[in-house]
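The structure appears below as structure tokens.
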Amino acid sequence: MIASLKIFFRQREAILWTLLFPLFMIFLFGFVKFDGLGRVTVGVVNDAGGKAAPFVEALKEVRTLKVIEGNRTEELTQLGKGEREMVVIIPASFDPSSNDSLLAYVNDEKPQEAQLGALILQRVMDEQAFRRSPPANRIVLWTQPVKSRNLTYIDFLLPGVLSMSIMQMGIFGVAFGFVSLKKRGILRRLWVTPMKPDDFILAQVAFRLIIVMMQILVMILVGVYFFDLHFIGSFGSLFLVGMLGAVVFLAMGFALAGISKSEDQVAPLANIISLPMMLLSGIFFSRSNLPGFVHTITDFFPLTYLADGMRGIAIDGATLAQLTPQLLGLGIWCIVACAVAVKMFRWE
Amino acid sequence: MTDTILEVRNLVKRYGDLVAVDGVTFSVAKQEIFGILGPNGAGKTSTLEMIETLRPIDGGEVRLNDIEVRTHAQEVKRLIGVQLQSSSFFDKLNLSELLLLFGEMYGRQVDPLQLLKEVELEDKAKAQVVHLSGGQKQRFSIAAALVNEPLVIFLDEPTTGLDPQSRRHLWGVIKRIRSEGKTVVITTHYMEEAEELCDRVAIMDQGKIIALDQPQELVRQLLSRGFSKNRVERLASLEDVFLDLTGHSLRDE
């Protein structure tokens, strides 16, 4: 058992690549600013009703602003999550014709956007005051910074890529590695030693689970130190969900290794299984834009469960109890995949 | 017979309708070099693989050091060293590391340098298998088969594809292993190799042993049946010419 473990640990390059590849993806995508679209999202809390309507309408006309109306608690929560750059509070006492001031809460981590938003708001108010006859007094905008967690694309991407690389390692690592050992006669050479086949499988699984843990650790640390990843979850939960996912995909890898005789047979099968998941499980792009029935299908992908689970833990600090649907989904997949693997797997 | 180490009786292997090994019987004495000869598809490798515990035995019995192979495969594995016809080794590990690893599979601490010295590869201890020549690879395979100090070592066509120099060198290695008290079972296509190396040979064809004796005895029997070559016996062969011109020294290192 220990001896078989060593076989894998001595494949230094392989280990290096399993760790480096997902990092490479993160570096590649991390520097692309998908979320820097140049619009300022403003939450408007209108407690003044019709009196403030012309003002709100005018704000909506401004193309640089994305205006969302809501109640006070809701909008401030969104500001806290980083979903708004600023939130303007229009109190019930608001009267556009009399001298008044407005308070806006702004996102402290996005000073530029907040400043721009404040400037535009002030201008819209000034214009409205000016158009009145007689011209009304100027309404002054006060701003107050609020601490926010600004989730960015990297926060979405990193747990996804992490999940994807767990899938790749399971399906491709096991299937290719095993078929190659089989084809090159290395397995036969091992069978004439007293090493037990079960130990060999166990070592394969143990080795890859250790790699999964290293992967999670490295990716999260790199994310936090180099990309301002807003990691608030627990490593323990991440390890647990990651391993559950890994077992699902390892089993798939063993099933593939069982039915394939050469690398040429493994490659298309492995791709048919992994590509749709890679593209549709919400790894690189949110699933919210998928058409209804595709969305429903992808709900049941094992990678969707894994990615949603990992993301929930890492970014929203979800507890395992909150992730019951994901854990249940992975658990069912785990049973199915292991059953199929046991049925399909062949040594020769 | 007390000095019999390997006993094969009525061994049978079927692949579907094809009977690849058809009631093979022979025994090998301790410290013997025993050759199994035969054309491709004669059943040599299947016979060997059943003895080596790699293939299920469909019929008959194999006893190694008086242990039944079919029922005690795990014990037998500890007693044998095997060089397979076409097996490679893990990449990225050098020869020393590979030997240590194989040692660990037997739960043994081995001395890689000593093993490599046995097959004259001690200067390649830090090299990887992919960088070895054909002859060196085969010698390394033998070193790997020796990690558990086996009683019997099985060599499946160890010299196929080697140049005459490397083949002769490998013969030297095999003879030395025997002189250290081990028993060797070898398959080959080369008759002069069997003649040079083997104490006794079994000739197989279509799954059956059709002759079994000492090489000189088989030749004598043939001649006694009135056989004569239709060419005049020469005192030297083309291989002798080749070796005379190119020398006996190894070229692959």
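Can you list the strands (runs of 3 or more DSSP E) lying wholly within the stretch A:46-162 that have 1 or more residues being within 30 Å of A:M25 (Cα to Cα)? Even if it seems obvious, please write down each step before you answer.
On the way: elements: A:65-69, A:86-90, A:101-107, A:140-146.
Per the criteria, A:101-107.
Name the residues in the stretch A:291-303 that are among the polar types (S, T, N, Q) and buried (at least 24 other Cβ atoms within 10 Å of the Cβ), would you?
The initial filter retains those residues of the stretch A:291-303 that are among the polar types (S, T, N, Q), namely A:296, A:298.
Answer for the stretch A:291-303, where residues must be among the polar types (S, T, N, Q) and buried (at least 24 other Cβ atoms within 10 Å of the Cβ): there is none.
Answer yes if at least one residue in the stretch B:67-74 is among the hydroxyl-bearing types (S, T, Y), within 19 Å of the chain's Cα centre (by Cα) and closer than 30 Å to B:V12 by Cβ, and no otherwise. No: zero hits. Listed by first and then second residue, the pairs with beta-carbon distance under 9 Å, at least 6 apart or on different chains, first residue in the stretch B:72-83 and more than 9 Å from chain A (Cβ to nearest Cβ), second open to solvent by 40 Å² or more (accessible area, probe 1.4 Å), are B:V76/B:N65; B:L79/B:N65; B:L79/B:L151. Restricting to the stretch A:206-238, and then to whatever is surrounded by 17 or more Cβ atoms within 10 Å (Cβ to Cβ) and aromatic (F, W, Y), can you tell me which residue is farthest from A:A314 (Cα to Cα)? Checking each candidate, the answer is A:F207.
Just a yes or no: is a residue in the stretch B:123-131 away from chain A (no Cβ under 14 Å), over 24 Å from B:I186 (Cα atoms), aliphatic (A, V, I, L, M) and open to solvent by 20 Å² or more (accessible area, probe 1.4 Å)? Taking every residue of the stretch B:123-131 in turn, at least one turns out to be away from chain A (no Cβ under 14 Å), over 24 Å from B:I186 (Cα atoms), aliphatic (A, V, I, L, M) and open to solvent by 20 Å² or more (accessible area, probe 1.4 Å).
Only a single criterion out of (1) within 23 Å of B:L212 (Cα to Cα); (2) surrounded by fewer than 23 Cβ atoms within 10 Å (Cβ to Cβ) is not satisfied by B:L37, namely (2).
The residue pairs whose first member lies in the stretch B:89-106 and is at the interface with chain A (Cβ under 9 Å from one of its Cβ atoms), whose second member is of a type in the set (S, T, N, Q) and open to solvent by 10 Å² or more (accessible area, probe 1.4 Å), and whose beta carbons are closer than 8 Å, counting only pairs six or more residues apart or on different chains, are B:F90/A:Q11; B:D91/A:Q11; B:D91/B:Q128; B:K92/A:Q11; B:K92/B:Q128; B:L93/B:Q128; B:G103/B:Q109. Inside the stretch B:234-248, can you point out the residues that are open to solvent by 100 Å² or more (accessible area, probe 1.4 Å), closer than 16 Å to B:R167 by Cα and of a type in the set (A, V, I, L, M)? Hit for the stretch B:234-248 is B:L238, nothing else. Within the stretch A:154-173, does at least one residue satisfy the condition of being open to solvent by less than 10 Å² (accessible area, probe 1.4 Å), away from chain B (no Cβ under 14 Å), within 30 Å of B:T53 (Cβ to Cβ) and touching a residue at least 60 places away in the same chain (Cβ under 8 Å)? Within the stretch A:154-173 (the criterion being open to solvent by less than 10 Å² (accessible area, probe 1.4 Å), away from chain B (no Cβ under 14 Å), within 30 Å of B:T53 (Cβ to Cβ) and touching a residue at least 60 places away in the same chain (Cβ under 8 Å)), the answer is no, since none of the residues qualifies. Residues B:L155, B:L146: which one is farther than 27 Å from B:D240 by Cα and within 14 Å of chain A (Cβ to nearest Cβ)? Result of the check over B:L155, B:L146: B:L146. Does A:L181 fit the bill of being in a helix (DSSP H, G or I) and surrounded by fewer than 22 Cβ atoms within 10 Å (Cβ to Cβ)? For A:L181, the condition - in a helix (DSSP H, G or I) and surrounded by fewer than 22 Cβ atoms within 10 Å (Cβ to Cβ) - is met.
Residue count for the stretch B:133-145 satisfying the condition of being touching a residue at least 60 places away in the same chain (Cβ under 8 Å) and open to solvent by 10 Å² or more (accessible area, probe 1.4 Å): 2.
Conditions tested, residue by residue: (1) under 15 Å from B:Q85 (Cα atoms); (2) at pLDDT below 85.
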| position | (1), (2) |
| --- | --- |
| B:S133 | no, yes |
| B:Q136 | yes, no |
| B:A144 | yes, no |
| B:F154 | yes, no |
| B:T159 | yes, no |
| B:L162 | yes, yes |
| B:E193 | no, no |
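Looking at B:S141, B:S96, just one residue is assigned to a helix (DSSP H, G or I) and within 21 Å of B:F34 (Cα to Cα), and that residue is B:S141. Return yes when B:K117 is farther than 28 Å from A:K196 by Cβ, open to solvent by 20 Å² or more (accessible area, probe 1.4 Å) and touching a strand residue (DSSP E or B) at 6+ places or on another chain (Cβ under 6 Å) and no when it is not. No: the conditions fail for B:K117.
Taking the stretch A:184-205 as the region of interest, how many residues are surrounded by 15 or more Cβ atoms within 10 Å (Cβ to Cβ) and either away from every other protein chain (no Cβ under 14 Å) or not aliphatic (A, V, I, L, M) (or both)?
So the first thing to find is which residues in the stretch A:184-205 are surrounded by 15 or more Cβ atoms within 10 Å (Cβ to Cβ), and the list is A:184-195, A:199-201, A:203-205.
Still in the running and either away from every other protein chain (no Cβ under 14 Å) or not aliphatic (A, V, I, L, M) (or both): A:184-185, A:188-189, A:191, A:193-194, A:199-201, A:204-205.
Summing the residues that are surrounded by 15 or more Cβ atoms within 10 Å (Cβ to Cβ) and either away from every other protein chain (no Cβ under 14 Å) or not aliphatic (A, V, I, L, M) (or both) in the stretch A:184-205 gives 12.
Among the residues of the stretch B:178-191, those that are modelled with pLDDT of 90 or more and surrounded by 14 or more Cβ atoms within 10 Å (Cβ to Cβ) comprise B:R178, B:K182, B:T183, B:V184, B:V185, B:I186, B:T187.
The values are calculated or read from the model by the stated rules, or taken from the named source; none is laboratory data. Small disclaimer: the values here were computed from a predicted structure and weren't measured. A quick note on method: Cβ atoms are made from the backbone with ideal geometry, for glycine too, and the neighbour counts reach across all protein chains shown. SASA here: full protein model, heavy atoms, side chains in, ligands and nucleic acids out. Shrake-Rupley method; radii C 1.70, N 1.55, O 1.52, S 1.80 Å.
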